[in-house]
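Novice: Below you'll find the structure I mean.
Quick note: the coordinates plus some simple rules give every number you see, no bench work behind them. All values derive from a computational prediction rather than experimental measurement. Here the Cβ positions follow ideal geometry from the backbone for every residue, glycine too, while neighbour counts run over all protein chains shown.
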Amino acid sequence: MNILLINPPENFEEKKHVIRVASPPLGLMYIKEMIKDNHVEIIDLSNTDTPEKDMHSKLKSKHWDVIGVSIMSYTLPSVLHILKKIKEVCSDAFLIAGGVHASFKAEECLELGFDSVIIGDGELVINNIIENKLKGVIKGKEISDLDSLPFPNGSIKELGDYIPSNSFPLPDKCSSIITSRGCPHDCNFCGRPKKRKHVKRSPENVLKELIMLECEGYRNIYVVDDNFTTNLKWIKKLVDIYSKENLDMRFFCSSRVDNFTQDMAKQLKRLGVYIISFGIESVNPEVIRFYNKYRYPERWKNLVEDALKNCNSEGIYSQASLIVGAPMETEKIFYESYGFVKKQKPDLINVNVLTYMIGSKIWNDAVKEGLVNQNEYSVSVLDRPDLALIEPDQIEAINRMVFDDVNKNLKRHALLKTIMHLDKFKLKILFNWSLLNLKRKFDPQGWTLERNELIRAGYGFGN
């Protein structure tokens, strides 16, 4: 059979400047590797400047027997458009839905026109669904041994280019890995399915995948885990076995500030980690308490200071990721957080607009209070001014201000860090920065368009 797996875009608007996403759709790539004895292709419509054209071309390229679509709540309008096109071009295809939104709204996905909807992990049930054309809601099987899964990276070459950071012009090819599933934390804004344990791959299994990726020519590796640094002992084991292999790779990952000790920073430096993104969100105790970010909100500020200081002392680039739009957050509170974080000299700061996602505690509470309708699955405070004290136009002004401020900072602090901790890779970044600045200087109109796209897309690392 011919099987097509689709990763939808956020929308189908054509982009004048492609903002490459950080990671390929690893979930679909794992599914592809599990499907046996069939021809399987993936199309990632989130990573192209012409999603409509590419989708139409792919759907007409051959007769598709099975089409699977990964659904996030914010891509639901795009999924409806995809379904319409499938009915026009591939009307007899067997349709499978998966992804976070499908796990929350399985029956609704069936009503949309899908034949089968998978709740949870699909790797261990996908072959049975395809072979027997199982219809209805299928509960996936949680995978306790991640080492038993095949590596997903065999299909990345057909998907295009990905970059861990839109702000750092990185040399060499990029790929991604995930070393764990689940999360030991419970942030109130997180819309991912809860009640699953945090499971990690073994360091030895991760090393095997890294060796394979280097053999395929990949030098930049984005670790997709929400929090790569949950276990210092595990990190030390990976560093020890990695250092014996004489690999030449650079890593980019995310971390929490409450487990980013000086020892952790030193171990990550040994591994070859160059950029770390921290989900700081705010340093205001009331806002941190609302997000359920940390048990002791009053201590969060000190943890932020220590984590960014540890990055700077080791010469690791850092990004501080903030959220704007908590219901008790005034402009003054936001700017106090921004000013404090900026004082710690991270290399990048990006601002995410608070979104009430189905499945998150803040969404559930807002539905109970009548602030959000239960069929509103992804509600940004930009679209609902009643959910935030800061007005939407001021939130947009904050995003523009931070973007321009951070770009000026890149020319100062980040470049100074590059020179102080210079190595071959940082020298390449320095050279690429120079070329990028020349390009922007001679094409100011293009840079203005690119700037606007970056701001809308969430320009920071890992977005």
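Novice: If only Cα atoms are counted, what is the Rg of the chain, and what is its Dmax, in Å?
Specialist: 21.9, 61
Novice: Let me ask something else. Calculate how large, on average over all directions, the projected area of the Cα convex hull of the stretch 67-108 is; give the answer in nm² to one decimal. Could the numbers behind the result be given before it?
Specialist: Working: hull surface 11.0 nm².
That works out to 2.8 nm², a quarter of the Cα hull's surface.
Novice: Right, here's the next one. Report the full-extension gain for the segment residue 172 to residue 202: residue separation times 0.36 nm, less the Cα-Cα distance, to one decimal in nm.
Specialist: Values: separation 30, 0.36 × 30 = 10.80 nm, distance 2.70 nm.
That pair, residue 172 and residue 202, stretches by 8.1 nm at full extension.
Novice: Packing-wise, with mean Cβ within 10 Å as the measure, how do 76-83, 176-183 rank, highest first? Spell out each step's value before the answer.
Specialist: Values: 76-83: 18.2, 176-183: 19.8.
Per-residue Cβ counts within 10 Å, averaged per peptide and sorted highest first, yield 176-183, 76-83.
Novice: Quote the relative contact order of the chain in percent (integer), defining contacts as alpha-carbon pairs under 8 Å separated by 6+ residues.
Specialist: On the way: 813 pairs, mean separation 64.7, N = 463.
Answer for the chain is 14 percent.
Novice: Among DSSP beta bridges whose residues both lie in the chain, state the antiparallel percentage, nearest 5.
Specialist: Details: 5 of 51 bridges.
Counting DSSP beta bridges with both partners in the chain, the antiparallel share is about 10 percent.
Novice: Out of residues 5 or more away from residue 173 or on other chains, whose amide H comes under 5 Å of its own, with H placed 1.01 Å from N in the peptide plane?
Specialist: Those lying under 5 Å, H to H, from residue 173 are 219, 220.
Novice: Farthest toward the dipole's positive end in the chain, which of 243, 170, 355, given Cβ charges of +1 (Lys, Arg) and -1 (Asp, Glu) about the Cα centre?
Specialist: Toward the positive end, the furthest listed residue is 243.
Novice: Identify, among 257, 59, 93, the residue whose Cα sits farthest towards the positive end of the charge dipole of the chain, taking +1 on the Cβ of Lys and Arg and -1 on the Cβ of Asp and Glu, with the dipole about the Cα centre.
Specialist: The residue sitting farthest along the positive end of the dipole is 257.
Novice: Right, here's the next one. Return the equivalent ellipsoid semi-axes of the stretch 321-463 as a descending list in whole Å, where each equals the square root of 5 times an eigenvalue of the C-alpha gyration tensor.
Specialist: 35, 17, 14
Novice: For the stretch 276-282, just list the computed ³J(HN,Hα) in residue order, Karplus coefficients 6.51, -1.76 and 1.60, θ = phi - 60°, integers in Hz, with x standing in for Gly and Pro.
Specialist: Along the stretch 276-282, the couplings run 10, 9, 10, x, 7, 6, 5 Hz.
Novice: Which is farthest toward the positive dipole end of the chain among 323, 341, 455, measuring Cα position about the Cα centre, with Cβ charges +1 (Lys, Arg) and -1 (Asp, Glu)?
Specialist: Sorting the options by dipole projection puts first 341.
Novice: Please find the FRET efficiency linking residue 84 to residue 383, where r is the Cβ-Cβ separation and R0 is fixed at 30 Å, and quote it to the nearest 0.05.
Specialist: Between residue 84 and residue 383 the formula returns 0.80.
Novice: State, to one decimal in nm, how far the label point of residue 246 lies from the label point of residue 309, with both points 7 Å from Cα in the Cβ direction.
Specialist: 4.0
Novice: Which order do peptides 277-284, 233-240 fall in by mean Cβ count within 10 Å, highest first?
Specialist: Values: 277-284: 24.6, 233-240: 16.5.
For the peptides 277-284, 233-240, the packing ranking is 277-284, 233-240.
Novice: So what are the ³J(HN,Hα) numbers for the stretch 227-233, from phi and the Karplus equation (6.51, -1.76, 1.60; θ = phi - 60°), rounded to whole Hz, Gly and Pro as x?
Specialist: Ordered by residue, 3J(HN,Hα) equals 9, 6, 10, 6, 9, 5, 4 Hz.
Novice: For the stretch 223-314, what number results from the quotient of the Cα radius of gyration and 2.2 N^0.38 Å? Intermediate values should be presented prior to the final figure.
Specialist: Numbers: Rg = 14.1 Å, N = 92, 2.2 N^0.38 = 12.3 Å.
Scaled against compact globular proteins, the figure is 1.15.
Novice: Still on this structure, I have one more. Suppose only helical runs count, i.e. DSSP H with n ≥ 4. What mean residue ellipticity at 222 nm does that imply for the chain under -39500 (n - 2.57) per run, divided by all residues and rounded to the nearest 500 deg cm²/dmol? Before the final figure, lay out each step's value.
Specialist: Numbers: 17 runs with 187 residues, N = 463.
So the calculated ellipticity at 222 nm is -12000 deg cm²/dmol.
Novice: For the stretch 31-72, run through the trypsin sites (Lys or Arg not before Pro) and keep only the ones in DSSP coil with at most 11 other Cβ atoms within 10 Å of their Cβ. All intermediate terms of the calculation are to be shown ahead of the outcome.
Specialist: Details: sites: 32, 36, 53, 58, 60, 62; in loops: 36, 62.
Those satisfying the criteria are 36.
Novice: What FRET efficiency comes out for the pair residue 37/residue 391, r = Cβ-Cβ distance, R0 = 56 Å, nearest 0.05? List each step's numbers first, then the result.
Specialist: Working: r = 57 Å, r/R0 = 1.01.
It comes out at approximately 0.50.
Novice: Quick one: plug the Kirkwood hydrodynamic radius of the stretch 2-139 (C-alpha pairs) into Stokes-Einstein at 25 °C, 0.890 mPa s, and report D in µm²/s. Before the final figure, lay out the partial values.
Specialist: Values: Rh = 14.9 Å.
Approximately 164 µm²/s, per Stokes-Einstein.
Novice: Roughly how many debye, to the nearest 20, is the charge dipole of the stretch 2-139 about its Cα centre, given +1 on each Lys and Arg Cβ, -1 on each Asp and Glu Cβ, and no other charges?
Specialist: Values: 16 positive and 20 negative charges, 38 e Å.
Roughly 180 debye for the stretch 2-139.
Novice: I've got another one for you. With only Lys, Arg, Asp and Glu charged, each at its Cβ (+1 for the first two, -1 for the last two), find how big the charge dipole of the chain is about the Cα centre; round to the nearest 20 debye. List each step's numbers first, then the result.
Specialist: On the way: 64 positive and 62 negative charges, 278 e Å.
In total the dipole reaches around 1340 debye.
Novice: Hey, can you grab everything whose amide H is under 5 Å from the amide H of residue 71? Only 5+ residues off in sequence or another chain; H modelled, so Pro and N-termini drop out.
Specialist: Here 98, 99, 100, 101, 102 satisfy the definition.
Novice: Still on this structure, I have one more. What is the packing order of peptides 300-307, 423-430, taking the mean over residues of other C-beta atoms within 10 Å and listing the highest first? Provide the component values of the computation, followed by the final result.
Specialist: Details: 300-307: 20.0, 423-430: 14.9.
Going by the mean number of other Cβ atoms within 10 Å, highest first, we get 300-307, 423-430.
Novice: Each residue of the stretch 329-344 in order: what ³J(HN,Hα) in whole Hz does its phi give by Karplus 6.51 cos²θ - 1.76 cosθ + 1.60, θ = phi - 60°, with x for Gly and Pro?
Specialist: Running phi through 6.51 cos²θ - 1.76 cosθ + 1.60 with θ = phi - 60° gives 8, 8, 4, 4, 4, 4, 5, 5, 5, 4, x, 5, 5, 4, 4, 7 Hz.
Novice: At what distance in angstrom do the alpha carbon centres of the stretch 197-256 and the stretch 268-331 lie from each other?
Specialist: So the separation of the two Cα centres works out to 22 Å.
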